[in-house]
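Asker: The following block contains the structure, expressed as structure tokens.
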Amino acid sequence: MDIILASASPRRSELLSRMGLDFVVRTAEHDETMNLSASPFDEVCRISIGKAQAILPTCHDDDIIIAADTIVVCDGLIMGKPRSEADAFSMLRRLSGRNHEVMTGLCVIHGKHMEATTVITTLRMRHLSDEEIRAYIATGEPMDKAGGYAIQGLAAMFIVGIDGDFYNVMGLPVCTLSTILRKLGVKLLGS
């Protein structure tokens with residue numbers, strides 16, 4: 001049995017490693033286009049299921065596949081990864097001084113069993129000046145992160161409140177994932 005991470009995200013790999021799991025990374029092409037007329041909660045879960053199912057033909061029946069997709073939602077606006085520095089600026093300007101939600105769709109497949117869910121973490125960002133936003137963008141850090149910021153990086157200075165799984169904001173709801181893996185018989189922390 002292999003544990004397979006269906007994601008090229010270095011942050012998700014880092015979090016699985018921190019959990020003490022031996023795993024391999026395997027990805028396949030999958031359309032991650034969101035249906036903007038549907039619920040973001042449902043869409044992010046649908047995309048994670050699609051990512052897991054995309055690599056299913058390359059897996060054995062006893063493998064465990066883990067897939068995730070993360071978005072940021074502020075006042076109903078869905079924010080993925082910024083496409084440009086101007087896009088990152090717009091995202092951070094919108095998040096400045098406001099509450100927002102980070103939603104991660106998580107899908108785990110083992111044989112014929114599939115468990116999929118969406119985990120939500122609510123955050124509040126302090127007010128950011130345009131100068132701070134430009135300086136942050138100049139670091140390059142926001143460019144491959146949903147919502148245009150990395151809570152585990154320099155943007156930690158921007159977050160004044162968090163309700164929910166911190167690691168969900170990094171792209172993998174570790175608490176929820178560990179519960180699912182234990183149900184599948186994966187040993188964590190020697191249990």
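The values are calculated or read from the model by the stated rules, or taken from the named source; none is laboratory data. Keep in mind the model is a prediction, meaning the values are calculated, not measured. Because the Cβ atoms are built from the backbone with ideal geometry, glycine has one as well, and the counts that use them run over all protein chains shown.
Asker: List every residue pair whose Cβ atoms lie under 6 Å apart, where the two residues are 6 or more positions apart in sequence or sit on different chains, the first residue falls within the range 148-177 and is outside any helix (DSSP H, G or I), and the second residue, located anywhere, is buried (at least 23 other Cβ atoms within 10 Å of the Cβ) and charged (D, E, K, R).
Answerer: Listed by first residue and then by second, the contacts come to G171/R12; L172/R12.
Asker: Kindly evaluate T139 against the criterion of being under 15 Å from the mean Cα position of the chain (by Cα) and of a type in the set (V, I, T).
Answerer: It is false that T139 is under 15 Å from the mean Cα position of the chain (by Cα) and of a type in the set (V, I, T).
Asker: Output the residue which, of all residues in the range 109-147 that are in contact (Cβ under 8 Å) with a residue 60 or more places away in the chain and part of a strand (DSSP E or B), is surrounded by the fewest Cβ atoms within 10 Å (Cβ to Cβ).
Answerer: We begin by selecting, within the range 109-147, every residue in contact (Cβ under 8 Å) with a residue 60 or more places away in the chain; these are 110, 113-118, 120, 142-147.
Adding the requirement that they be part of a strand (DSSP E or B) leaves 110, 113-118, 120.
Working: H110: 22, H113: 11, M114: 14, E115: 16, A116: 16, T117: 16, T118: 22, I120: 17.
By that ranking, first place goes to H113.
Asker: Looking at the range 9-32, which of the residues that are within 22 Å of T121 (Cα to Cα) and part of a loop (DSSP other than H, G, I, E, B) is farthest from the chain's Cα centre (by Cα)?
Answerer: M19
Asker: Tell me, which residue of the range 40-72 that is surrounded by fewer than 22 Cβ atoms within 10 Å (Cβ to Cβ) and either outside any helix (DSSP H, G or I) or in contact with a Phe, Trp or Tyr (Cβ under 6 Å, 6 or more places away or on another chain) (or both) is modelled with the highest pLDDT?
Answerer: D63
Asker: Among the residues of the range 106-132, what is the count of those that are of a type outside the set (S, T, Y) and under 13 Å from I180 (Cβ atoms)?
Answerer: Here is the first cut: in the range 106-132, the ones of a type outside the set (S, T, Y) are 106-116, 119-120, 123-128, 130-132.
Next, from what is left, pick out any that are under 13 Å from I180 (Cβ atoms): 106-110, 113-116, 119.
Result for the range 106-132: 10.
Asker: Restricting the range 73-108 to residues that are of a type in the set (D, E), outside any strand (DSSP E or B) and modelled with pLDDT of 95 or more, which is surrounded by the fewest Cβ atoms within 10 Å (Cβ to Cβ)?
Answerer: The residue in question is E85.
Asker: Out of D42, D87, D2, I need the residue that is touching a residue at least 60 places away in the same chain (Cβ under 8 Å), in contact with an Asp or Glu (Cβ under 8 Å, 6 or more places away or on another chain) and farther than 15 Å from V174 by Cα. Which one?
Answerer: D2
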